[in-house]
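To start, the structure under review is shown below, and the notes come after it.
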Amino acid sequence: MDITPIYDLRDRLRTAMIAGTSLLAEDFRLKRAVEAMAPLEKAAPVFAKVGEFCRKLIAPDTGAEDKEDLLLDAITLVDAVCCTQGAVSVAGEMEPLFGKEDAKNDMEKIVNLHKGMILSNVPYSILQPLREALTTSGSGRYAYVTDCHRVSPELFKDYRIRVAMVQALNASYAELADNVCRWLMEDGEDVLPLLVRDFNPKGKKEMVRRLRIIEKWMGASANDFYIKQLDTAEGELRQNLIYALRHEPKNIELLMDLGKKERGNTKKVVYSALACSDNEEVEKLFEEMYKKNPKTVMEYLEMNAERNKTSWGARLAAKGLEDWMQSKPEKTGDKKKDELAMKEWEQTAAHFVATLYGKSGSEVYAALRLAATMSGKYGTLLQAEILGLLRHFLIAHPREELFALVDSIYEGENGEKGVMQYFPVAFLSRVIRECGAEAENTGTNYVEWLSEQLFEKTPCVPYHFLVEALNYLHYEDGKYAFKESKYDSGMEYYNEYVQPVNIEIKGKFLELLIRCCDQGIDRKLALLFDSSDKEVCSRLEEYFYKRALSTPSDEYLIPLKRCGCTRCEGLLVHFVKSRPRISMWQIEYFINNMPGNAEARTAEASKIPELVKTGKATVYNWNEKYYMDWVNGLV
C-alpha cells in the first residue's frame, strides 16, 4: 500500500499552520492532498478519520474558530499516523562490522555487543552534568568525572554516557581522555560500533585510543579493519595498526613485506609484531638477524615483551641475556671511561632481562639465575630489574620451577653463596608456595623460616628487605593477596595481577613483626592488621602505644584509632618534648588525630603551656591565650 498521500497531506497542513486558517478555502494544493487520501480512507479507519477532519477543514461553511481547532486536531492525528509508519531498516545486505571473513561469528558477536549498554532510569539533573563534563572544556571537569566514576561507576554503563565517553577520547585534557580509554578497555565492549563509526585513519591520539579499545575486545576478529585503515594511516596510529596485525597468523607475509619498506620506529614495531608469531620462517629470520646484531634483536623482543610468548622467542631472549652476561667491557685504564662503559653495560643487561617478561622454560630460568648470581658485581640497577621480573613471575604465574629458581638464587647451590638482596622474592616464594591459591596444605612454616632469616642467619637479613616484600601484600575485606600493577607500554594501560594468599597476621606472625620493632615494618603492619579481631587489636594497641611514647612521630595515631584505643595520656607531651622546635599547627594536627574522647584530648592538650613556661618545649609563635581558647573548644 502506497502511503505517500499521508506524508503529502502532513506537509500541506504544516504550510497551512504558517499561512493561517483564513486562506484554507483557497488552498487548492491542500484540496488535492485531501482528495488523494480517498484510497487510503477505504483501507483503514484511522485514515478515514483523517479525511473527515480535513474535509471539514476546507469546507466553506466551517467557522473560523472551528477551523483553528480542526487544524490542530488534523495535524496532531496525521503526525501520530506518520510516526507509526516510520521505517527502521536500510537497503542493502548485512555485512560484519570488521570484514567479510568469519562473517557469521563476527555478526553474532556484534549482535551481543549491546547487552551491557542500557538506558538507566537516572534523573536528567545527574546525567547531564556528567555528559557535559565529558564532552566540553573547562576547569574542574576532570575531578568531577573521576569522582563520579569512583562513587557511581554504574552511571558509565548508560548508553548516553557511553556516547559521551567516546567523544571524551578526544578531550583536550589528556589525563581525562586516557582515563576514559582505560575504563572502556576494562568494561567497554558494547561501544565498538560507536568506535568504528567515523574512524579516521589520518587521525591522531583520539584514533589511537579508539584502536586500542577495538583491539582489546576484538583481537584478530578486526583484522580486515586494521588492514583497511593501514592504507592511509600515518604516525603513531599507523604503528599501532601494524602492531595489531600480530593477532592474525595469516599476516606474516604482510608484516615481512612491511619490514622491508618501513623505517625508524615503525620498522621496530613491525619486527616487534613479527616476534609474536610462532612460525618457523619468522624464527629463522630472527636467528639470522641475531647473528648480525644481537642488541637489535633483543630490542625487538623487549618491546611489549609480555606478549611475545613464543618458544623460539624465549630461547633467543635467554641466549641473548647469557651471552651478554658473559661479556665484559674492556678496561682502558681511564677510570671515568671504564665507569661509563660499565654503567652502559649494566643498563643494557637490565634491558635484556626485560625481554624475559611473559616467557618461561628451563633456558629462561637458567639465564635469569646466571644474571642474578652475577648482578652483585655490577650494581643495583640490574638487581632491581631482576627482582621486578621475579616478583612479577611469582604473582602472575607461580609454579614449582620458579620457586626452585628463587631458592637457588637466594640460598645458593653447588657451593655457591646466595645473594641476600633477593630476600623479598624469596619471602614471596615461601608464602605463595605454602599459602597461595594453588597450595595444597596451608601452614605457618614460612613464619619459622622468616624468623630464622631475620634473627638467626649470619648476617641477618635487614628489616628494610622485609618492608620491600610487604609493599606488595594487600588486605581487603578480610583477605590477603600479593598485588602488582604492570604498565603495558603498547596499550598505555596498567594490568593488575593478584595472587591471593591464605595467611593471618596474628599469633606467631604478628609477634615476629612486633619483635622487629622497626618503623618501616610498623607502617606496613598498621595497614595490614584485621581491625575486627579484638585479640589482635588489643595486642597492637599495647605495642603501638609504647612505640608512640618512644618515637618523635605522629604516625602511630591512626593505627591506634584503628585498634579502638580510647586513651591518649602522655602522647602529646612526649611528641612535643621530643622535638627541638615545633609549630602551633603541628600541635593542633596531633591533637585532632589523637585517640580518645574530647575530655581526654583536652586534658592532654592542657599540659603544653606548662612545658613552654618551664622551657621543656619550644613552640614557634607561641600564643597561650589563642591555644587554650582553641583547646577549650574541643569539648
For Asp66, state whether it is open to solvent by 40 Å² or more (accessible area, probe 1.4 Å) and more than 12 Å from Leu24 (Cβ to Cβ).
no
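Within segment 125-141, track down each residue that is open to solvent by 80 Å² or more (accessible area, probe 1.4 Å) and assigned to a helix (DSSP H, G or I).
Residues of segment 125-141 open to solvent by 80 Å² or more (accessible area, probe 1.4 Å): 125, 131-132, 137, 139.
If the condition is that a residue be open to solvent by 80 Å² or more (accessible area, probe 1.4 Å) and assigned to a helix (DSSP H, G or I), then Ser125, Arg131, Glu132 are the ones that fit.
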I'd like to verify a number: residues in segment 220-232 that are in contact (Cβ under 8 Å) with a residue 24 or more places away in the chain and open to solvent by less than 10 Å² (accessible area, probe 1.4 Å), how many?
1
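Starting from residues that are within 16 Å of Leu237 (Cβ to Cβ) and not polar (S, T, N, Q), keep the ones in segment 253-266 and report whichever is most open to solvent (accessible area, probe 1.4 Å).
Going through the qualifying residues, I end up with Gly264.
Here is a yes/no grid of residues against (1) in contact with an Asp or Glu (Cβ under 8 Å, 6 or more places away or on another chain); (2) within 30 Å of Asp533 (Cα to Cα):
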| position | (1), (2) |
| --- | --- |
| Ile558 | no, yes |
| Cys568 | yes, yes |
| Phe575 | yes, yes |
| Phe590 | yes, yes |
| Ala605 | no, no |
| Leu611 | no, no |
| Val619 | no, no |
| Tyr627 | no, no |
| Asn632 | no, no |
Scan (1) loosely packed, with under 13 Cβ neighbours inside 10 Å; (2) assigned to a loop (DSSP other than H, G, I, E, B); (3) at pLDDT below 70 for the single condition Leu97 breaks and write down its number.
(1)
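Among the residues in segment 600-623, are any small (Gly, Ala, Ser), outside any helix (DSSP H, G or I) and more than 18 Å from Ser553 (Cβ to Cβ)? Spell out how you get there, then give the answer.
Of segment 600-623, the ones small (Gly, Ala, Ser) are 600, 603, 605-606, 615, 617.
Next cut, outside any helix (DSSP H, G or I) only: 606, 615, 617.
Imposing the further condition that a residue be more than 18 Å from Ser553 (Cβ to Cβ) reduces the set to 606, 615.
Yes, there is a match, as at least one residue in segment 600-623 is small (Gly, Ala, Ser), outside any helix (DSSP H, G or I) and more than 18 Å from Ser553 (Cβ to Cβ).
Quick test for you: out of Ile409, Ile432, pick the one residue that is touching a residue at least 60 places away in the same chain (Cβ under 8 Å) and surrounded by 15 or more Cβ atoms within 10 Å (Cβ to Cβ). Show your work before the answer.
Working: Ile409 fails: touching a residue at least 60 places away in the same chain (Cβ under 8 Å).
Step by step, each of Ile409, Ile432 is checked, and only Ile432 is touching a residue at least 60 places away in the same chain (Cβ under 8 Å) and surrounded by 15 or more Cβ atoms within 10 Å (Cβ to Cβ).
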Spot the failing condition for Phe199; the list is (1) more than 21 Å from Asn304 (Cα to Cα); (2) in a helix (DSSP H, G or I); (3) of a type in the set (A, V, I, L, M, F, W, C), and only one is missed.
(2)
What residue, of Glu401, Glu413, Glu452, Glu434, is in a loop (DSSP other than H, G, I, E, B) and acidic (Asp, Glu)?
Glu413
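Going through segment 195-219 one residue at a time, which ones are of a type in the set (Asp, Glu) and open to solvent by 60 Å² or more (accessible area, probe 1.4 Å)? Steps first, answer last, please.
Start the filter on segment 195-219 by keeping residues that are of a type in the set (Asp, Glu), which leaves 198, 206, 215.
Asp198, the sole residue that qualifies.
So is Ala91 among the aliphatic types (A, V, I, L, M), out of contact with any strand residue (DSSP E or B) (no Cβ under 7 Å at 6 or more places or on another chain), exposed (fewer than 13 other Cβ atoms within 10 Å of the Cβ) and at pLDDT below 85 or not? Talk me through it step by step, then tell me what you get.
Details: among the aliphatic types (A, V, I, L, M): yes; out of contact with any strand residue (DSSP E or B) (no Cβ under 7 Å at 6 or more places or on another chain): yes; exposed (fewer than 13 other Cβ atoms within 10 Å of the Cβ): yes; at pLDDT below 85: yes.
Considered against the rule, which asks whether it is among the aliphatic types (A, V, I, L, M), out of contact with any strand residue (DSSP E or B) (no Cβ under 7 Å at 6 or more places or on another chain), exposed (fewer than 13 other Cβ atoms within 10 Å of the Cβ) and at pLDDT below 85, Ala91 comes out as yes.
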Selection count where residues are among the aliphatic types (A, V, I, L, M), touching a Ser or Thr at 6+ places or on another chain (Cβ under 8 Å) and closer than 25 Å to Asp187 by Cα, scope segment 209-267
1
Could you list all residues from segment 370-380 that are in contact with a helix residue (DSSP H, G or I) (Cβ under 6 Å, 6 or more places away or on another chain) and either within 9 Å of Ala318 (Cβ to Cβ) or not in a loop (DSSP other than H, G, I, E, B) (or both)?
Leu370, Ala371, Ala372, Met374, Ser375
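Please determine whether any residue of segment 269-278 is open to solvent by less than 50 Å² (accessible area, probe 1.4 Å), without any contact (Cβ under 8 Å) to a residue 40 or more places away in the chain and under 30 Å from Ser137 (Cα atoms).
Of segment 269-278, the ones open to solvent by less than 50 Å² (accessible area, probe 1.4 Å) are 269-277.
With the extra rule that they be without any contact (Cβ under 8 Å) to a residue 40 or more places away in the chain, the set shrinks to 269-277.
Those left that are additionally under 30 Å from Ser137 (Cα atoms): none.
Looking for residues that are open to solvent by less than 50 Å² (accessible area, probe 1.4 Å), without any contact (Cβ under 8 Å) to a residue 40 or more places away in the chain and under 30 Å from Ser137 (Cα atoms), one finds none in segment 269-278, hence no.
Does Glu322 count as surrounded by fewer than 16 Cβ atoms within 10 Å (Cβ to Cβ) and either free of Cβ contacts under 8 Å to residues at least 40 places away in the same chain or of a type in the set (D, E, K, R) (or both)?
no
Consider Leu390 carefully, then state whether it is outside any loop (DSSP other than H, G, I, E, B), out of contact with any strand residue (DSSP E or B) (no Cβ under 9 Å at 6 or more places or on another chain), at pLDDT 95 or above and open to solvent by less than 30 Å² (accessible area, probe 1.4 Å). Give the steps one after another, and end with the answer.
Working: outside any loop (DSSP other than H, G, I, E, B): yes; out of contact with any strand residue (DSSP E or B) (no Cβ under 9 Å at 6 or more places or on another chain): yes; at pLDDT 95 or above: yes; open to solvent by less than 30 Å² (accessible area, probe 1.4 Å): yes.
Spelling it out, Leu390 is indeed outside any loop (DSSP other than H, G, I, E, B), out of contact with any strand residue (DSSP E or B) (no Cβ under 9 Å at 6 or more places or on another chain), at pLDDT 95 or above and open to solvent by less than 30 Å² (accessible area, probe 1.4 Å).
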Please go through segment 569-595 and give me each residue that is over 41 Å from the mean Cα position of the chain (by Cα), under 16 Å from Val631 (Cβ atoms) and in a loop (DSSP other than H, G, I, E, B), ordered by number.
Glu569
Evaluate segment 49-67: report whether one residue or more is within 60 Å of the chain's Cα centre (by Cα) and over 15 Å from Pro5 (Cα atoms).
no
All but one of (1) part of a helix (DSSP H, G or I); (2) touching an Asp or Glu at 6+ places or on another chain (Cβ under 7 Å) hold for Met207; state the number of the condition that does not hold.
(2)
Select from segment 581-602 the residues that are more than 19 Å from Glu541 (Cα to Cα) and in contact with a Ser or Thr (Cβ under 8 Å, 6 or more places away or on another chain) and write down the one among them that is surrounded by the fewest Cβ atoms within 10 Å (Cβ to Cβ).
Arg581
Of all residues in segment 331-369, which are in a loop (DSSP other than H, G, I, E, B) and over 30 Å from Tyr487 (Cβ atoms)?
Lys331, Thr332, Gly333, Asp334
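With of a type in the set (A, V, I, L, M), under 24 Å from Cys435 (Cβ atoms) and open to solvent by 20 Å² or more (accessible area, probe 1.4 Å) as the only criterion, which of Ala404, Ala366, Ala384 stands out? Walk me through how you get there before you give the answer.
On the way: Ala366 fails: under 24 Å from Cys435 (Cβ atoms); Ala384 fails: under 24 Å from Cys435 (Cβ atoms).
Ala404 is the lone residue from the list that is of a type in the set (A, V, I, L, M), under 24 Å from Cys435 (Cβ atoms) and open to solvent by 20 Å² or more (accessible area, probe 1.4 Å).
For segment 257-288, how many residues are outside any helix (DSSP H, G or I) and either polar (S, T, N, Q) or closer than 15 Å to Glu302 by Cα (or both)? Quick ask: steps written out before the conclusion?
At the first step, the residues of segment 257-288 found to be outside any helix (DSSP H, G or I) are 262-263, 275-279.
So of that shortlist, the ones also either polar (S, T, N, Q) or closer than 15 Å to Glu302 by Cα (or both) come out as 275-277, 279.
Adding up the residues that qualify gives 4.
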Checking Lys250, Lys328, Lys291 in turn, the sole residue that is more than 18 Å from Tyr357 (Cα to Cα), at pLDDT below 90 and either open to solvent by 10 Å² or more (accessible area, probe 1.4 Å) or not in a helix (DSSP H, G or I) (or both) turns out to be Lys328
Restricting segment 538-569 to residues that are at pLDDT 95 or above and farther than 23 Å from Glu599 by Cα, the residue that is least open to solvent (accessible area, probe 1.4 Å):
Leu540
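The values are calculated or read from the model by the stated rules, or taken from the named source; none is laboratory data. What you see is a predicted model; the values in this text were computed from it and never measured. All Cβ positions, glycine included, derive from the backbone under ideal geometry; neighbour counts span all protein chains shown. Heavy atoms of the whole protein, side chains included, go into the accessibility calculation; ligands, DNA and RNA do not. Shrake-Rupley method; radii C 1.70, N 1.55, O 1.52, S 1.80 Å.
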